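Below: the structure, in structure tokens.
The values are calculated or read from the model by the stated rules, or taken from the named source; none is laboratory data. These numbers come from a predicted model, not from an experiment. Cβ coordinates were reconstructed from backbone atoms using ideal geometry, including for glycine residues, and neighbour counts include every protein chain displayed. Surface areas here come from the heavy atoms of the whole protein model, side chains and all, with no ligands, DNA or RNA. Shrake-Rupley method; radii C 1.70, N 1.55, O 1.52, S 1.80 Å.
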Amino acid sequence: MARNPVTWLGSPTFPKAAHIALADTQLRQNLRKATGTIRGRRAAAVAEMTDWEMLRVAGEQIKDDVLARLDTLLVELEESVTARGGVVHWARDAEEANRIVLDLCRAENAREVVKVKSMATAEIGLNEALEAGGVQAIETDLAELIVQLGDDRPSHILVPAIHRNRSEIREIFQRRMGVEVSDEPADLAEAARVYLRQKFLTTKVAISGANFAVADSGSIVVLESEGNGRMCLTLPETLITVMGIEKLVPTWQDLEVFLQLLPRSSTAERMNPYTSVWTGVTPGDGPQKFHLVLIDNGRTATLKDSVGRQALRCIRCSACLNVCPVYERTGGQSYGSVYPGPIGAILTPQLVGDMHDKQAASLPYASSLCGACFEVCPVRIDIPSVLTHLRAEAVEAKGRTAESIAMAAAAWVFQDAARYEKAQKAGALARFLARDGRISSLPWPGSKWTSSRDVPAPPQESFRAWWRKNRG
């Protein structure tokens with residue numbers, strides 16, 4: 001089976017990438033301003049809802065029910081889509097999904113396709129696969145277009161170009177579109193609109209992702225805020241939707257919960273500006289050919305993990321990114337994955353499915369474990385618990401290392417009171433390395449700690465010694 005392309009090939013481990021990102025002051029400034037703004041607006045939008053916690057619990061329960069009945073719900077979805085004129089394709093991995101989509105494009109003699117913003121297609125590397133097969137994919141979401149024209153990588157689930165300021169976007173548009181434009185947001189949006197309009201009117205095949213799929217009716221739902229998605233979903237003759245198998249809800253009543261949770265958590269809006277729903281094919285209205293590609297790509301394996309499976313509840317709102325102190329300082333590209341931030345730190349290693357992959361195995365450590373991500377998650381994913389669970393798996397995958405030997409030695413010391421007291425006395429000698437009450441540099445292996453943090457200077461005497469002297 002081909003390597004899962006959810007991570008970017010050649011990406012360094014998170015610590016190395018983060019070290020580079022932290023030196024980019026413009027990046028940190030862009031991120032601080034953007035995440036702070038989104039965070040404040042979301043908090044205000046959520047505060048209006050007196051039943052917000054009840055909605056979170058409902059969202060959690062619905063998604064857990066879906067994961068428990070995924071096999072039967074997927075069959076129900078296939079039957080519903082097929083009964084309404086659509087065609088369902090099943091893909092075990094990224095390679096198979098890309099091949100299916102490329103074959104569908106070739107069947108329509110398409111040399112260009114327009115795309116709705118989709119995390120699933122980014123996860124499988126669809127744009128690159130299409131380009132290798134002679135088909136150009138044109139991103140129509142403004143932020144995705146900026147990333148594409150800038151030969152860049154996305155750094156946020158909701159706002160892929162969050163690491164760019166408007167002066168940088170202006171330079172990209174002038175260079176790639178060949179137009180003179182100011183850096184005013186309205187002018188930049190108009191330039192993108194003019195650039196894309198002809199593509200919407202002439203391209204015969206569109207590709208989308210899906211926020212949700214309703215099993216009992218076969219309806220597919222896409223939420224977006226610009227209207228570009230609506231153009232892609234209605235104008236072309238053929239529509240291909242690529243969707244992860246976990247994106248199901250059983251009924252329309254279940255969908256109601258998420259149409260309240262998602263907008264407030266992601267864009268801080270009371271309701272989504274453009275919510276597009278289509279069910280199969282309707283003669284004379286919209287695309288006349290509809291294909292639904294259901295991808296596994298590591299999800300079934302993730303489902304087997306009783307702790308890690310809760311990552312599959314994710315509705316891609318990005319709220320966890322905007323409150324994460326680590327993400328705010330390093331940006332999304334440091335994660336080396338299409339899924340950045342706290343959710344990426346637990347989802348990517350599981351989709352990759354190999355804790356011997358150093359880059360993927362480094363992601364569960366990209367967190368301070370402060371718990372802010374869990375507090376804002378609309379479907380109550382306990383990200384800190386999954387992070388520690390995956391850290392344990394990463395350590396186990398390493399086998400016998402210097403770290404495991406050190407932990408074994410520590411366990412031996414702690415098992416005997418006499419050994420423990422002698423170790424305390426020996427450790428107290430380290431106070432001679434302290435300056436102003438802190439130790440900033442230790443020889444290896446202590447340097448592994450002091451390379452990123454200080455150590456408080458140990459006291460002159462242990463608690464045991466103090467007790468014997470003062471209390472007999």
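Here are a few things to note about the model shown:
- Among the residues of the stretch 300-319, the ones that are of a type outside the set (S, T, Y), open to solvent by 10 Å² or more (accessible area, probe 1.4 Å) and either over 11 Å from the mean Cα position of the chain (by Cα) or closer than 17 Å to T388 by Cα (or both) come to 8 in all.
- Which listed residue, of V249, V281, is within 23 Å of V75 (Cβ to Cβ) and either open to solvent by 20 Å² or more (accessible area, probe 1.4 Å) or in contact with a Ser or Thr (Cβ under 7 Å, 6 or more places away or on another chain) (or both): V281
- Filter result for the condition that a residue is of a type in the set (A, V, I, L, M, F, W, C), surrounded by 19 or more Cβ atoms within 10 Å (Cβ to Cβ) and either farther than 27 Å from N30 by Cβ or touching a strand residue (DSSP E or B) at 6+ places or on another chain (Cβ under 7 Å) (or both), over I162, I157, I138, I169: I138
- Out of A107, A132, sole residue that is over 30 Å from F173 (Cα atoms), without any contact (Cβ under 8 Å) to a residue 60 or more places away in the chain and out of contact with any helix residue (DSSP H, G or I) (no Cβ under 6 Å at 6 or more places or on another chain): A107
- Residue match in the stretch 288-298 (condition: surrounded by fewer than 15 Cβ atoms within 10 Å (Cβ to Cβ) and hydrophobic (A, V, I, L, M, F, W, C)): no
- Some residue of the stretch 178-196 being under 25 Å from T234 (Cβ atoms) and touching a strand residue (DSSP E or B) at 6+ places or on another chain (Cβ under 8 Å): yes
- Of note, S462 does not satisfy the criterion of being open to solvent by 90 Å² or more (accessible area, probe 1.4 Å), over 30 Å from W52 (Cα atoms) and of a type in the set (G, A, S).
- Filtered residues of the stretch 260-276 (kept if hydrophobic (A, V, I, L, M, F, W, C) and surrounded by 15 or more Cβ atoms within 10 Å (Cβ to Cβ)): L261, L262, A268
Residue by residue, here is whether (1) surrounded by 12 or more Cβ atoms within 10 Å (Cβ to Cβ); (2) part of a loop (DSSP other than H, G, I, E, B); (3) of a type in the set (A, V, I, L, M); (4) modelled with pLDDT of 85 or more holds:
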| position | (1), (2), (3), (4) |
| --- | --- |
| S385 | yes, no, no, yes |
| H389 | yes, no, no, yes |
| V395 | yes, no, yes, yes |
| E403 | yes, no, no, no |
| A411 | no, no, yes, yes |
| A426 | no, no, yes, no |
| A430 | yes, no, yes, no |
| L442 | yes, yes, yes, no |
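- Scan the stretch 321-375 for residues that are assigned to a helix (DSSP H, G or I) and either among the hydrophobic types (A, V, I, L, M, F, W, C) or over 27 Å from V57 (Cα atoms) (or both) and the total you get is 26.
- When we screen V147, V116 for residues that are touching a Cys at 6+ places or on another chain (Cβ under 6 Å) and either crowded, with 24+ Cβ neighbours inside 10 Å or not acidic (D, E) (or both), the only hit is V116.
- Index of the failed condition, T234 passing every other in (1) more than 25 Å from E123 (Cα to Cα); (2) surrounded by fewer than 20 Cβ atoms within 10 Å (Cβ to Cβ): (1)
- Total residues in the stretch 58-90, condition of a type in the set (G, A, S), open to solvent by less than 20 Å² (accessible area, probe 1.4 Å) and over 21 Å from the mean Cα position of the chain (by Cα): 2
- The set of residues from the stretch 192-220 being hydrophobic (A, V, I, L, M, F, W, C) and modelled with pLDDT of 95 or more comprises V205, A206, I207, A210, F212, A213, V214, A215, I220.
- Any hit, the stretch 1-21, residues being assigned to a helix (DSSP H, G or I), loosely packed, with under 13 Cβ neighbours inside 10 Å and modelled with pLDDT of 95 or more: no
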